[in-house]
């Protein structure tokens, strides 16, 4: 019964996401725009021969962050404000079930994003050679982590505050995430902070997987920790109404 309720709610969430066309447009245009711009502009200094080889994994991580944390979190925050979640609270769907349904919806959107980003990368000369399976695992783990962060903000802050915090956090994690440029280019104290955040952990884990390198357990451990702690906090402190 619980699984059926989660799947039914996930279907509703998917339909609602399709109605937020402007949000979906941003979720696609921003990552692809960054990929195309930095691939064509000689602004990166990496150990890789072509900028696109560095950028594709980072942009995949960026897409996960924008969809799972920002889009999901902001939409949920306003649903909470307008009483949508309060009505859901009177149904057999638990808080954990709601969070699971919303996460499933995010995964569906991310699949389409990944196809678009990979297609753009291939057009720019990127080659998918190995590690796709492991990269997918890290992207799923990252989705859980960022969905947990987004839902924690949405379920504890007022809608306007959640909107501001989610967007500000997105910008901070974009700059500290090693998605569009290497972490080594950051000042040393910022690099230390970046290594403890989920954005850099996801980008570096996906990048290592697609290079066929060994698992970077320092980054992977950080990502796994966020994927456990953030959803647990969201499920514990999420409030159905403001």
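If a residue must be assigned to a helix (DSSP H, G or I) and surrounded by fewer than 24 Cβ atoms within 10 Å (Cβ to Cβ), how many such residues does the stretch 193-208 contain? Here the count works out to 3.
Set side by side, the residues 47, 91 differ, and just one is more than 20 Å from the chain's Cα centre (by Cα), part of a loop (DSSP other than H, G, I, E, B), within 23 Å of residue 220 (Cβ to Cβ) and modelled with pLDDT under 90, which is 47. Residues in the stretch 129-138 that are out of contact with any helix residue (DSSP H, G or I) (no Cβ under 7 Å at 6 or more places or on another chain) and either outside any helix (DSSP H, G or I) or at pLDDT below 85 (or both) were compared, and the one that is farthest from residue 39 (Cα to Cα) is 130. The listed residues are 171, 176, 190, and the only one of them that is at pLDDT 90 or above, more than 30 Å from residue 97 (Cβ to Cβ), surrounded by fewer than 16 Cβ atoms within 10 Å (Cβ to Cβ) and more than 14 Å from the chain's Cα centre (by Cα) turns out to be 190.
Looking at this structure, is residue 10 at pLDDT 85 or above, farther than 22 Å from residue 122 by Cβ and surrounded by 12 or more Cβ atoms within 10 Å (Cβ to Cβ)? So residue 10 does not fit the description; no. Looking only at residues of the stretch 209-228 that are touching a residue at least 60 places away in the same chain (Cβ under 8 Å) and part of a helix (DSSP H, G or I), we find that the one that is surrounded by the fewest Cβ atoms within 10 Å (Cβ to Cβ) is 211. Only one of the numbered conditions (1) over 24 Å from residue 28 (Cβ atoms); (2) within 20 Å of the chain's Cα centre (by Cα); (3) at pLDDT 90 or above is not met by residue 100, and that is (3). Would you check if residue 25 is modelled with pLDDT under 75, surrounded by fewer than 11 Cβ atoms within 10 Å (Cβ to Cβ), more than 16 Å from residue 118 (Cα to Cα) and out of contact with any strand residue (DSSP E or B) (no Cβ under 8 Å at 6 or more places or on another chain)? Judged against the criteria, residue 25 is a match. Within the set 231, 182, 187, 198, the sole residue that is touching a residue at least 24 places away in the same chain (Cβ under 8 Å) and more than 20 Å from residue 68 (Cβ to Cβ) turns out to be 182.
The values are calculated or read from the model by the stated rules, or taken from the named source; none is laboratory data. Source: prediction; values computed, not measured. No Cβ is skipped: glycine too gets one built from the backbone with ideal geometry, and neighbour counts run over all protein chains shown.
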